[in-house]
Amino acid sequence: MNRFTTNKSDHAQQHMWAAVVLMAVNDAFTVMRDRTELDRAEALRFLLAPHGAWAKSREHVCSCAGAEPDRLHTWALEVMAGKVVFGTPKEVQASRDLWTAMNAPREKPQPTAKAEIAPAPDAGAIPLPSIVDTFGVFDVRDDGTLVCPNSRPLTGPSLPRENSQQGRVLKALTMQRGGTLNSLRKAYAKWEQVAVELCRRLDLELIYRHDGHEVDGIVDADTKVFVRRRLLSPAA
């Protein structure tokens, strides 16, 4: 961490956040017995994302660790480019291949000719995914995203207080059709920072959708934001 650190104070809290940074570096570039592909993908997003929620998370964690996020980002890019030697060649190459696949342009489905059908009274509404399971106070939809019905209070030993900033953001993210920018900003102006840390703690992940396709971050005001379980139960 010394190469990224500007504040040399020796505080336990800084050491804790520094451990988070080092875990991401190790997950991305070294041999880790219990690491999954998801762990590697999240480590790469944390280290390499140029903007969006992951870049903001990097800035926040580095700030808490007394490190410079830009230096960490540049260093990780140089490792990926082979300009800096770190880790093992096999692991670095595996990260290059995964990062390339993660950033490959998604093919949009080709439209097919369909017979015209008279619109139903509610034809403008986008069908909601089916509910297939429950997880605490949340319903789990068949696409893995979570919804918290308005009639159900946001309570639980691991959940934030419903009227706290974290609770309001979590509620906005689990609306029936996902969180909109207006609802999330109304819940808390810095909602992305809160959402990333909250999802990390609750073993959830943020997903963004635009025009029915999953995207890497906010595209415009029509982008919807959801939370999804990282580890789905067998029933889901």
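What the table below lists for this structure:
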read-out: Pairs with Cβ under 8 Å, 6+ apart, first in segment 159-172 and under 21 Å from D139 (Cβ atoms) and without any contact (Cβ under 8 Å) to a residue 60 or more places away in the chain, second in a loop (DSSP other than H, G, I, E, B) and among the charged types (D, E, K, R); value: G167/R161; R168/E162; K171/E162
read-out: Out of V79, V61, sole residue that is β-branched (V, I, T), touching a residue at least 12 places away in the same chain (Cβ under 8 Å) and within 13 Å of V196 (Cβ to Cβ); value: V61
read-out: So A67, is it touching a Ser or Thr at 6+ places or on another chain (Cβ under 6 Å) and modelled with pLDDT of 85 or more; value: yes
read-out: Candidates L154, L146, filtered to the one that is in contact with a Gly (Cβ under 7 Å, 6 or more places away or on another chain) and on the phi < 0 side of the Ramachandran plot; value: L154
read-out: Residue among V147, V194, V219, V137 that alone is touching a helix residue (DSSP H, G or I) at 6+ places or on another chain (Cβ under 9 Å) and free of Cβ contacts under 8 Å to residues at least 60 places away in the same chain; value: V194
read-out: Single unsatisfied condition, T88 versus (1) touching a helix residue (DSSP H, G or I) at 6+ places or on another chain (Cβ under 7 Å); (2) at pLDDT below 90; (3) β-branched (V, I, T); value: (1)
read-out: Check on S151, closer than 28 Å to D39 by Cβ, surrounded by fewer than 14 Cβ atoms within 10 Å (Cβ to Cβ) and hydroxyl-bearing (S, T, Y); value: no
read-out: Number of the exception - D222 against (1) buried (at least 19 other Cβ atoms within 10 Å of the Cβ); (2) over 21 Å from I131 (Cβ atoms); value: (1)
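The values are calculated or read from the model by the stated rules, or taken from the named source; none is laboratory data. Predicted, not measured: the structure shown is a model, and the values here were computed from it. With ideal geometry, Cβ positions are generated from the backbone for all residues, glycine too; neighbour counts draw on all protein chains shown.
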